[in-house]
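Single-structure report; data block below.
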């Protein structure tokens, strides 16, 4: 694997401490893989409670003085988080909501990875405020790595990767990314299959079936082993990641259409929401054959590794 597989990483930030964990991971990718970094601040339009305040508030937020101050704050944040990255770090301010700014900027700069921190909210507060990370995951076709706020910034290394699979195309795409990362960091790859009740008649064959589904070449690229478990898929993945001390979970997310909205599978959402370690989500959309072909062509991370 060359150092140019992840050429450009988009790191959204609100300049708070919680986003420094994601920035630390981006700095590590730059150090290990030579990745370029774009630091994004979304200057979300202000919507005041008093409608009569709207014109003045909007004028203030979009004034040259305000934008100059935000640019200075963003540059200062970049220097603090990426002291050794120099000209490899770009900064950009976009006057849109965070999710919209992230998705559009990722496309504009042709990002190979979106790397962002999560607040780690739970329960009604999370449901009320929503999750920018989950919104981005529903809208983008780029790999998305989410770093929980509780994950210490000092722990930026990859020694063990857990990759759940389910014999699907998106599972194979996720496995491709996991293999590439494991090879790049000399990490151990744990391929996990969680059996459900429908698998009961085939349990005795699952070990062989999984070994056959995982291409033999995988075992030549990294230290690899497989785990077959039973129970709720998300719970088992999270438990195995915790028990093995995994540094990263790599999981596939199939976009589905439901009443004209894009939703993700519940297993992926729950893993992203409750994981204590960073989660690398590989996204695939349901669409026309042409759209699917174009999406596979954009899966450069796995393709670049396979070409070697």
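Please tell me if residue 137 is modelled with pLDDT under 80, in a helix (DSSP H, G or I) and either on the phi < 0 side of the Ramachandran plot or surrounded by fewer than 16 Cβ atoms within 10 Å (Cβ to Cβ) (or both). Don't jump to the end; show me each part of the working.
On the way: modelled with pLDDT under 80: no; in a helix (DSSP H, G or I): yes; either on the phi < 0 side of the Ramachandran plot or surrounded by fewer than 16 Cβ atoms within 10 Å (Cβ to Cβ) (or both): yes.
So residue 137 fails the test.
I need the full set of residues from the stretch 167-182 which are modelled with pLDDT under 90 and over 14 Å from residue 282 (Cα atoms), in order please.
Scanning the stretch 167-182 gives a single hit, 167.
Checking the condition within 23 Å of residue 214 (Cβ to Cβ), outside any strand (DSSP E or B), modelled with pLDDT of 70 or more and within 16 Å of the chain's Cα centre (by Cα), which residue from 277, 236 passes? Don't jump to the end; show me each part of the working.
Details: 236 fails: within 16 Å of the chain's Cα centre (by Cα).
When all the criteria are applied, what remains is 277.
Working only within the stretch 214-233, note down all residues that are at pLDDT 85 or above, on the phi < 0 side of the Ramachandran plot and either part of a strand (DSSP E or B) or out of contact with any helix residue (DSSP H, G or I) (no Cβ under 8 Å at 6 or more places or on another chain) (or both).
223, 224, 225, 226, 227, 228, 229, 230, 232
Taking residue 61 as the residue in question, decide whether it is surrounded by 15 or more Cβ atoms within 10 Å (Cβ to Cβ), modelled with pLDDT under 80 and more than 24 Å from the chain's Cα centre (by Cα).
Working: surrounded by 15 or more Cβ atoms within 10 Å (Cβ to Cβ): yes; modelled with pLDDT under 80: yes; more than 24 Å from the chain's Cα centre (by Cα): yes.
It is true that residue 61 is surrounded by 15 or more Cβ atoms within 10 Å (Cβ to Cβ), modelled with pLDDT under 80 and more than 24 Å from the chain's Cα centre (by Cα).
Where the second residue is part of a helix (DSSP H, G or I) and crowded, with 17+ Cβ neighbours inside 10 Å and the first is on the phi > 0 side of the Ramachandran plot and lies in the stretch 15-29, which pairs have Cβ atoms under 9 Å and are six or more apart or on separate chains?
15/74; 15/77
I need a count of the residues in the stretch 97-119 that are more than 26 Å from residue 277 (Cβ to Cβ) and touching a helix residue (DSSP H, G or I) at 6+ places or on another chain (Cβ under 7 Å).
0
Give the number of residues within the stretch 87-106 that are surrounded by fewer than 15 Cβ atoms within 10 Å (Cβ to Cβ) and within 12 Å of residue 38 (Cα to Cα).
So the answer is 2.
Quick one: residue 264 ticks every box in (1) more than 19 Å from residue 175 (Cα to Cα); (2) at pLDDT below 85 bar one, so which box is it?
(1) is the only condition that residue 264 fails.
State the number of residues belonging to the stretch 68-86 that are closer than 23 Å to residue 140 by Cβ and surrounded by fewer than 16 Cβ atoms within 10 Å (Cβ to Cβ).
Qualifying residue count, the stretch 68-86: 0.
Output the qualifying pairs, or none if there are none: Cβ atoms under 7 angstrom, residues six or more apart or on different chains, first residue in the stretch 194-209 and not assigned by TED's automatic domain parsing to the domain that holds residue 236, second residue modelled with pLDDT of 85 or more and surrounded by fewer than 11 Cβ atoms within 10 Å (Cβ to Cβ).
none
For every residue, the table says whether it meets (1) touching a strand residue (DSSP E or B) at 6+ places or on another chain (Cβ under 6 Å); (2) part of a helix (DSSP H, G or I); (3) within 26 Å of residue 139 (Cβ to Cβ); (4) at pLDDT 85 or above.
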| position | (1), (2), (3), (4) |
| --- | --- |
| 2 | no, no, no, no |
| 54 | no, yes, no, no |
| 57 | no, yes, no, no |
| 92 | yes, no, yes, yes |
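The values are calculated or read from the model by the stated rules, or taken from the named source; none is laboratory data. None of these values were measured; they are calculated from a predicted model. Please note: Cβ atoms are built from the backbone with ideal geometry, for glycine as well, and neighbour counts cover all protein chains shown.
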